[in-house]
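The values are calculated or read from the model by the stated rules, or taken from the named source; none is laboratory data. These figures come from a predicted structure and were not determined experimentally. With ideal geometry, Cβ positions are generated from the backbone for all residues, glycine too; neighbour counts draw on all protein chains shown.
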Amino acid sequence: MESMNELGFYTLAGAPESPRELIGEITEAEELGIGAAFISERFNIKEAATLSGAAGAVAQRMGIATAATNHNTRHPMVTAAYAMTMHHLTGGRFSLGIGRGIERVSRAFGLPPISTAQMEDFVGLMRRIWAGEVVVGHDGPAGSYPALAMRGIEPASIPLTLTAFGPNSLALAGRCFDAVVLHTFFTDETTARVARAVRTSAEQAGRDPASVRVWSCFATIGDHLPEPVRLKKTVGRMGTYLQAYGDLMVRTNDWDPVVLERFRADSFVRGFGGSIDHTATTEELEHVATLIPPEWLAPAAAGTPSQCVEAVRGQFDLGCDGVILHGASPADLRPIVEEYRRTRPAGVFDDLPANPAGPRGS
């Protein structure tokens, strides 16, 4: 079946019982024609390098990207070798994707917060190492290294993806990355604005704005799923985002900060340990739902398959090149993807490569 390289999904969405679930998900996604698998990282059974290798071994056509790992949890040479290994394993369908991460988690692990300058410096190191350069005496925001080099292998150009949220990260994406993954529950106005910001930054850096692929991360929760599942994937997910970086969510979408204050002041939220989407019961999620305005959950694909497809197509109209059908497994997505394929316009996305950060026409 022809791959639809404008569509992606996150493998092992949420809290899987076993990472082996990835194998069936990749197989089913390819059978449906989903073009890209994105791999998020959590420090439990979702370590990104291991999952990438498993996905690369199973996928025959699909692009694979980390979205995201953090650049400072591995030595640069380890990360460079990981990406080069994936590049060859997949025949060039892999993109190394990094992100800023959650500051409070970094601090808890004894890691400094990740800065924009660090990520930009890291990108430069990766490109130089993959190009076959011997980097000697590097001393920059990403760290100090006496010598970095990859021996005995042909140089390669491996596309880089940034999971971006705030204005500094979005500008960085346009300046030196090949693709950007936006955040879930961006309003239409926010999505259009940040897509423009990425391309403006690319143009200001002397790059072709169209060369940076913009991926919408679009919550996709069809009404064929049971209500408790839909509640977990909407209210639960939003509740976790508000726990982790609510101020940024509110500022980015120009939402009312008083609502966030009420959410945080709620006795259940204040006393809840862990992520709401992982461990809250259905009854607890029903309570959290009373704290979140419906319009905050509205930027999503919901309803019948045709309604979901219409919402997905709207993301392209806002300036996105691809849509990650977020928060659902290929099995969950089947009726939606089948409807999308049935009504997919001919020729519009033929120039998109399998690599989710590869430039159009490559």
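Has segment 216-225 got any residue that is among the acidic types (Asp, Glu), in contact (Cβ under 8 Å) with a residue 60 or more places away in the chain and surrounded by 19 or more Cβ atoms within 10 Å (Cβ to Cβ)?
The initial filter retains those residues of segment 216-225 that are among the acidic types (Asp, Glu), namely 223.
Those left that are additionally in contact (Cβ under 8 Å) with a residue 60 or more places away in the chain: 223.
Filter once more, keeping what is surrounded by 19 or more Cβ atoms within 10 Å (Cβ to Cβ): none.
No, every residue in segment 216-225 fails to be among the acidic types (Asp, Glu), in contact (Cβ under 8 Å) with a residue 60 or more places away in the chain and surrounded by 19 or more Cβ atoms within 10 Å (Cβ to Cβ).
Rundown of residues vs (1) of a type outside the set (S, T, N, Q); (2) surrounded by 15 or more Cβ atoms within 10 Å (Cβ to Cβ); (3) within 25 Å of ARG93 (Cβ to Cβ), yes/no style:
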position	(1), (2), (3)
ARG264	yes, no, no
ARG270	yes, no, no
HIS278	yes, no, no
GLU283	yes, no, no
GLY314	yes, yes, no
CYS320	yes, yes, yes
SER329	no, yes, yes
PHE349	yes, yes, yes
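Would segment 32-40 turn up any residue that is hydroxyl-bearing (Ser, Thr, Tyr), in the same structural domain as ASP321 (by TED's automatic domain parsing) and touching a helix residue (DSSP H, G or I) at 6+ places or on another chain (Cβ under 7 Å)?
Of segment 32-40, the ones hydroxyl-bearing (Ser, Thr, Tyr) are 40.
Among the residues that remain, those that are also in the same structural domain as ASP321 (by TED's automatic domain parsing) are: 40.
Within this subset, residues satisfying the condition of being touching a helix residue (DSSP H, G or I) at 6+ places or on another chain (Cβ under 7 Å) are none.
No - not one qualifying residue is present in segment 32-40.
Return yes when THR240 is over 18 Å from ILE276 (Cβ atoms) and in a helix (DSSP H, G or I) and no when it is not. Working first, answer last.
On the way: over 18 Å from ILE276 (Cβ atoms): no; in a helix (DSSP H, G or I): yes.
Against the criterion (over 18 Å from ILE276 (Cβ atoms) and in a helix (DSSP H, G or I)), THR240 does not qualify.
Return the total of residues in segment 175-207 being assigned to a loop (DSSP other than H, G, I, E, B) and free of Cβ contacts under 8 Å to residues at least 12 places away in the same chain. Steps first, please.
First pass over segment 175-207, keeping only residues assigned to a loop (DSSP other than H, G, I, E, B): 177-178, 182-187, 205-207.
The next check asks that each one be free of Cβ contacts under 8 Å to residues at least 12 places away in the same chain; those that pass are 206.
Number of matching residues: 1.
Is it true that some residue in segment 232-248 is touching an Asp or Glu at 6+ places or on another chain (Cβ under 7 Å) and in contact (Cβ under 8 Å) with a residue 60 or more places away in the chain? So that I can check it myself, show each step before the final result.
First pass over segment 232-248, keeping only residues touching an Asp or Glu at 6+ places or on another chain (Cβ under 7 Å): 232, 236-237, 239-240.
Keeping just the survivors that are in contact (Cβ under 8 Å) with a residue 60 or more places away in the chain gives 232, 237.
Yes, some residue in segment 232-248 is touching an Asp or Glu at 6+ places or on another chain (Cβ under 7 Å) and in contact (Cβ under 8 Å) with a residue 60 or more places away in the chain.
Every residue, every condition in (1) among the charged types (D, E, K, R); (2) surrounded by 16 or more Cβ atoms within 10 Å (Cβ to Cβ); (3) in contact (Cβ under 8 Å) with a residue 40 or more places away in the chain, yes or no:
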{"site": "VAL135", "(1), (2), (3)": "no, yes, no"}
{"site": "ARG151", "(1), (2), (3)": "yes, no, no"}
{"site": "GLU154", "(1), (2), (3)": "yes, no, no"}
{"site": "SER157", "(1), (2), (3)": "no, no, no"}
{"site": "LEU160", "(1), (2), (3)": "no, yes, yes"}
{"site": "LEU172", "(1), (2), (3)": "no, yes, yes"}
